[in-house]
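First comes the structure, then the notes that go with it.
The values are calculated or read from the model by the stated rules, or taken from the named source; none is laboratory data. Fair warning: this is a prediction, and the values are worked out from it, not measured in the lab. Note that each Cβ is placed from the backbone with ideal geometry, even for glycine, and that neighbours are counted across all protein chains shown. Side chains are part of the model used for accessible areas, which takes the heavy atoms of the whole protein and leaves out ligands, DNA and RNA. Shrake-Rupley method; radii C 1.70, N 1.55, O 1.52, S 1.80 Å.
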Amino acid sequence: MEDEGEVYDGVRAQFPLSFGKITKSQIPLEVIHNTTRRSLEQSSTSNELPSVSSSSKAWLTDLRRNPKPNSRQSIGPPNPAHKKETSDGTMRDSNLEEEDDDDIIGPPPPPPGLNYDDDDEEEEDGGDMVGPPRPPPSNMEEEEEDGEPDDLYRIPLSNEIVLKGHSKVVAALAVDHTGSRVLSGSYDYTVKMYDFQGMNSRLASFRQIEPSEGHQVRSLSWSPSADRFLCVTGSATAKIYDRDGLTLGEFVKGDMYIRDLKNTKGHISGLTCGEWHPRAKETILTSSEDGSLRIWDVSDFKTQKQVIKPKLARPGRVPVTTCTWDREGKSIAGGVGDGSIQIWNLKPGWGSRPDVHIQKGHEDEITGLTFSNDGRTLLSRSTDCSMKVWDLRQTKEPLKVFVDLPNNYAQTNVAFSPDEQLIFTGTSIEKESSCGGMLYFYDKNKLELVSRVGISPTCSVVRCTWHPKLNQVFATMGDKSQGGTHVLYDPSMSERGALACVARAPRKKSIDDFLAKPVIHNPHALPLFRDQPSRKREREKALKDPVKSHKPELPMSGPGFGGRVGKTKGTMLTQYLLKQGGMIKETWMDEDPREAILKYADVAKKDPKFIAPAYAETQPEPVFAKSDSEEEK
């Protein structure tokens, strides 16, 4: 008996190679990432090359640093002839001398202008050189020293995707610690949830929620365990949601008629910012327009742990525009509407008196505050178009003030890179300016501009963050008509996140996805469950009836004919006859109302119906009141 494999091969040879199921070839990742590649718009430096590919850039750099040719062939016009002194003291061309002696056969000798290394000279003295000449020494050390800023700081900017879906500017952003889920809140009152692991290249959100109807979403923050998140809107109450977007609770609102804010159970005005404790799972911080900061316990939504009232120069209520924790959760920083920055250290017996008070931090409202990992540096962002770097050990003057950073939104923040070598923030669009929303990167140690990255030519950049695990930069943008989140990444440096969803193609619709609804006829069902009878046959019968389907005639536009009266004499025959016969007359305008009533006096006296029979026994003869004119007489 023949082997089964030989039988299969013999049968398969009778069919063409294309017969059977053909597996679809997968698109290479390089092609996918080329579709999301963005043109880099870096800060202009002195020796920076234009935007070209990496191989071309390396070649141009090498050509710039090594202008001498590497081969022995002469390029360009021939070198001038070398003079040789003769016995009589005159100078003569060596080439002419050689021509006189003998004709040159083969390629000319190399020009003496080329200088080789000492090793080459020794080899030439000792014997003929075998093989091609040595390559010139590489300048790897110089290239490392003169490297570009992007290579030094490794900012992931080569590729970009956009998470769309909002109809207004995105003012809140939160990425969980694992980097799998992204939250974006907008001025269109909604929060969209994105899952990188379950999202395909269409980049659609898997859930949309509206925390508070008619209130803007101003802040979002994940818990340390990433199982819940805090949502702060323009209302006076904050909400807690689970990881899937289901509501877990809402904090209470205070009594707006109580003057002392420490005696209220919650905020009495709209919230401005909120952040979860970086270590404790049950503690959050919120700030409000009522001029207070409050620490809440998530396990009990009806009580608050602490009420903080900032120190003010004048008594009154000044809104607290932003708040934040330090990296260990031992200090709280708040930005007040008068431009002051106040910091409280959490310690036994602490109160509302700030430990650090920078009275004139900014000239306008503060929109963002961020602590460094060591807790010694504080970054502040304001609507006065500036960003300041503070040393908390010496707060009289800032270390550096970066100006010309337009800011038109109360949620614009400032952030550190994961290794804290860079500081970056977003800018807003101005009417007179030609540049769009951008990200500015600054060196933390040198306190100088490193790079400018264009995000959108028509929209402002509000929130930004750099995720440490994904190594991807998130930036929210938008205006009055659109909003989205830009994700900047580099396939060679970034991990997961945008890389996972961009390479995942959407599933094609199959015929099995469509299910026709079955039609079940049950003529003996109860009247409650019986289907309504179809009116199709009745409509078809009515269309065949000449009376029911007769189209009504249009009114006459001119004089009537054929028994019909035109518009000038009335649309109906009855009206025409009544008008012509004088039966339709409006005489009530010309008659006296007293005479019109008294003409029925004789009829009422002879045949009384209503009033007279009621008084027939008690008052057979009616008594009328005398006129006023007789009484006056």
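Couple of notes before you dig in:
- Residue ID - farthest from the chain's Cα centre (by Cα), chosen from residues in segment 227-264 that are acidic (Asp, Glu) and over 18 Å from Ser184 (Cβ atoms): Asp260
The rows are residues; the columns are (1) acidic (Asp, Glu); (2) over 26 Å from Arg37 (Cα atoms); (3) part of a strand (DSSP E or B).
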{"residue": "Glu397", "(1), (2), (3)": "yes, yes, no"}
{"residue": "Asp419", "(1), (2), (3)": "yes, no, no"}
{"residue": "Phe424", "(1), (2), (3)": "no, no, yes"}
{"residue": "Ser428", "(1), (2), (3)": "no, no, no"}
{"residue": "Leu439", "(1), (2), (3)": "no, no, yes"}
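- Subset of segment 373-384 (residues that are of a type outside the set (Val, Ile, Thr) and crowded, with 19+ Cβ neighbours inside 10 Å): Leu378, Leu379, Ser380, Arg381, Ser382
- One residue alone among Ser434, Ser481, Ser460 is among the small types (Gly, Ala, Ser) and modelled with pLDDT under 90, and that residue is Ser434.
- Cβ separations smaller than 6 Å between residues 6+ apart or across chains give the following pairs from segment 241-265 residues that are over 30 Å from Ser205 (Cβ atoms) to residues that are hydroxyl-bearing (Ser, Thr, Tyr): Gly254/Thr264; Asp255/Thr264; Ile258/Thr264; Leu261/Ser292.
- Flag if His357 is outside any strand (DSSP E or B) and out of contact with any helix residue (DSSP H, G or I) (no Cβ under 8 Å at 6 or more places or on another chain): no
- Within segment 186-223, being under 19 Å from Phe251 (Cβ atoms) and open to solvent by less than 40 Å² (accessible area, probe 1.4 Å) holds for Val191, Ile209, Pro211, Ser212, Val217, Ser219, Leu220, Ser221, Trp222, Ser223.
- Apart from one condition, Arg228 fits all of (1) open to solvent by 20 Å² or more (accessible area, probe 1.4 Å); (2) under 25 Å from His357 (Cβ atoms); (3) at pLDDT 95 or above; the exception is (2).
- Selection count where residues are under 27 Å from Arg154 (Cβ atoms) and open to solvent by less than 10 Å² (accessible area, probe 1.4 Å), scope segment 391-419: 4
- When residues of segment 456-490 are limited to those that are within 21 Å of Thr370 (Cβ to Cβ) and in a loop (DSSP other than H, G, I, E, B), the one least open to solvent (accessible area, probe 1.4 Å): Leu470
- Scanning segment 326-357 for residues that are within 18 Å of Thr283 (Cβ to Cβ) and touching a Leu at 6+ places or on another chain (Cβ under 6 Å) yields Lys330, Ala333, Gly334.
- Which numbered condition Glu289 misses (of (1) touching a residue at least 40 places away in the same chain (Cβ under 8 Å); (2) out of contact with any helix residue (DSSP H, G or I) (no Cβ under 6 Å at 6 or more places or on another chain)): (1)
- Here Pro278 meets each of (1) within 27 Å of the chain's Cα centre (by Cα); (2) part of a loop (DSSP other than H, G, I, E, B); (3) closer than 21 Å to Pro211 by Cα with one exception, condition (3).
- Residues in segment 266-282 that are among the hydrophobic types (A, V, I, L, M, F, W, C) and touching a residue at least 40 places away in the same chain (Cβ under 8 Å): Leu271, Cys273, Trp276, Ala280.
- Some residue of segment 237-256 being over 27 Å from Gly339 (Cβ atoms) and in contact with a Pro (Cβ under 6 Å, 6 or more places away or on another chain): yes
- Residue within segment 300-322 that is farther than 22 Å from Ser225 by Cα, under 29 Å from the mean Cα position of the chain (by Cα) and assigned to a loop (DSSP other than H, G, I, E, B) present: yes
- Residues of segment 285-299 that are in a loop (DSSP other than H, G, I, E, B) and under 26 Å from the mean Cα position of the chain (by Cα): Glu289 alone.
- Subset of segment 420-432 (residues that are farther than 22 Å from Lys446 by Cβ and open to solvent by 10 Å² or more (accessible area, probe 1.4 Å)): Ile429, Glu430, Lys431, Glu432
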